[in-house]
Amino acid sequence: MIKALFLFFDPTVWDRMAQARRGLGFIFASYLLPLLLVVSAVEGGGLVLWGKWQPGVGVIKRFTAGEAVLFEVTQLLLTLAVVFVCAHLIKILGETFHDRHTYSQAFTVVAYALSPVFLLRLLDVFPMMNPLAPWAIGIVLSIWIFYQGLPRVMKPDPSHAFELYVVSSMILFSTTGLVCMLTALCLRGKVDFAHSYLGARILDLLARLHF
């Protein structure tokens with residue numbers, strides 16, 4: 001988590017990560033998953049303790065522990081899907097420019113570049129905070145960090161680097177924005193996620209795991 005903060009202030013951190021050549025499993029287990037679990041725990045605790053403003057009815061709703069767990073598990077799965085899918089798309093995109101990249105390189109850039117989006121979700125503990133606001137700030141910071149990390153980790157051909165950066169940034173913007181919009185609708189009472197098909201399936205899974 002501390003490394004995520006350094007990325008914004010010290011771009012040379014990318015150089016050290018590129019030299020270390022950590023594998024996908026290492027980054028996932030030692031950085032990405034712990035970060036998301038901490039953020040989910042804090043956000044979920046805020047939903048239970050302080051609730052969330054429901055603009056449709058003009059009240060602050062406190063979530064039950066079960067509702068908070070369902071929401072956070074779903075958001076965690078969607079976030080992980082975004083990271084894995086975006087890494088795959090960016091790898092494929094790089095290959096269209098005849099560059100050779102590994103999936104681990106693309107995963108490293110995406111996982112670390114999106115750190116501000118993940119960390120700023122901590123602001124969602126405030127009942128009146130619209131989830132779109134932290135995302136908007138986070139994605140701007142993420143795209144800047146991505147600009148620093150892409151050439152250092154993936155090392156695209158200089159003649160194609162800017163095109164790869166622009167299109168990849170659009171992918172990160174659209175996918176994270178979609179997840180944020182969906183979660184914001186659920187948090188603010190616009191969508192009854194608990195009684196949706198996906199919500200029912202995840203509840204089923206949690207019951208089987210005796211969560």
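Derivation of every value follows stated rules applied to the coordinates shown; laboratory data play no part. Keep in mind that what you see is a predicted model, and the values were worked out from it rather than measured. Virtual Cβ from ideal backbone geometry, glycine too; neighbours counted across all protein chains shown.
As a ratio to 2.2 N^0.38 Å, the alpha-carbon radius of gyration for the stretch 45-105 is 1.82.
Full extension of the segment from Phe97 to Ala41, taken as 0.36 nm per residue of separation minus the current Cα-Cα distance, would add 16.1 nm. If R0 is 30 Å, the Cβ-Cβ spacing of Val140 and Val85 corresponds to a FRET efficiency of close to 0.90. Relative protection proxy for 14-20, 80-86, from highest mean packing down: 80-86, 14-20 (other beta-carbon atoms within 10 angstrom). Which of Leu77, Trp50, Cys186 sits farthest toward the positive end of the charge dipole of the stretch 12-208, with +1 on the Cβ of Lys and Arg and -1 on the Cβ of Asp and Glu? The Cα lying farthest towards the positive end belongs to Trp50. At a Förster radius of 30 Å, what calculated FRET efficiency corresponds to the Cβ-Cβ distance of Leu185 and Ala29, to the nearest 0.05? In this case the efficiency is close to 0.45. Peptide packing for 53-60, 156-163 was compared via the average number of neighbouring C-beta atoms within 10 Å per residue; ordered from the highest value, the list is 156-163, 53-60. With both labels modelled 7 Å from their Cα along Cα-to-Cβ, the Val59 to Gln19 distance reads 5.9 nm. Normalised radius of gyration (Cα atoms, divided by 2.2 N^0.38 Å) for the stretch 18-175: 1.15. Only Lys, Arg, Asp and Glu carry charge here, each on its Cβ (+1 for the first two, -1 for the last two); on that basis the stretch 12-208 has a dipole of about 220 debye about its Cα centre.
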